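What follows is one structure encoded as structure tokens, with my remarks underneath.
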Amino acid sequence: MNQLTDTILKMQSGSKKAFKEIFDEFYTPLCSFAYRYLEDTAGSADVVQEVFLALWNNHANFSNEGTLRSYLFTSVRNSCLNIIRHEKVKERNRGELAEFQQTDTTDEHEIEAMVYAEVHKAIQHLSPQAREVVIHSMNGLTNNEVADELNVSVNTVKTLKKRAYKTLREKLGGMHWVLIVLV
């Protein structure tokens with residue numbers, strides 16, 4: 001058994017010292033790996049730290065160097081790709097919003113204000129948890145991010161979202177298309 005495998009086994013039993021050794025071994029290579037995707041030093045470090053936090057929370061699931069290495073690099077890659085996808089969506093929405101704002105007139109502002117008021121009123125009829133899910137979604141968070149923010153499972157977020165949107169469609173009648181624009 002090599003030294004890293006021995007350290008992994010110690011980490012499995014909850015050794016913080018062993019976890020620190022693994023952190024020291026993989027932190028820099030993982031940051032470099034993340035940087036290739038994100039081209040952002042601070043963002044890369046954040047991703048790696050989140051992956052290590054998840055590793056500590058699941059430390060009993062690793063038994064050898066191969067599974068640990070695979071988990072770390074795959075998790076970093078997936079987190080980076082999620083960030084890139086999220087940024088593309090935000091950028092696309094920024095462009096569409098800018099285009100919309102350029103053609104906006106006073107009448108459109110009034111209509112928009114009325115629509116937002118109706119949507120806001122409809123959202124207030126939701127349960128507090130469903131309301132939070134919808135608001136976070138409207139602010140651009142993914143289901144995973146909403147689940148983390150509210151400390152619930154992703155499936156709970158999906159269920160709450162589905163029910164909330166059904167309720168909002170009923171409350172808004174023909175205006176439910178607004179949800180597509182807002183979410």
Nearby lysines by direct alpha-carbon distance to residue 20 (threshold 22 angstrom, same-chain neighbours under 8 apart not counted) | 10
For segment 1-41, what % of the accessible area comes from carbon and sulfur atoms, probe 1.4 Å?
-> 50 percent
Diffusion coefficient in µm²/s returned for segment 10-54 by Stokes-Einstein, Kirkwood Rh over C-alpha pairs, 37 °C and 0.692 mPa s, is 300 µm²/s
Net +/- balance of residues flanking residue 23 in space, Cβ distance below 14 Å, scoring K and R +1, D and E -1 = +1
For residue 171, the lysines lying under 17 Å Cα to Cα, once residues fewer than eight places off in the same chain are dropped, come out as 121, 161, 162
Going down the list 88/158; 88/166; 90/158, which pairs span over 25 Å between their C-alpha atoms?
-> 88/166
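The values are calculated or read from the model by the stated rules, or taken from the named source; none is laboratory data. What you see is a predicted model; the values in this text were computed from it and never measured. So basically every Cβ, Gly included, is an ideal-geometry build from the backbone, and we count neighbours across all protein chains shown. To get the accessible areas, we keep the full protein, side chains included, count just its heavy atoms, and leave off ligands, DNA and RNA. Shrake-Rupley method; radii C 1.70, N 1.55, O 1.52, S 1.80 Å.
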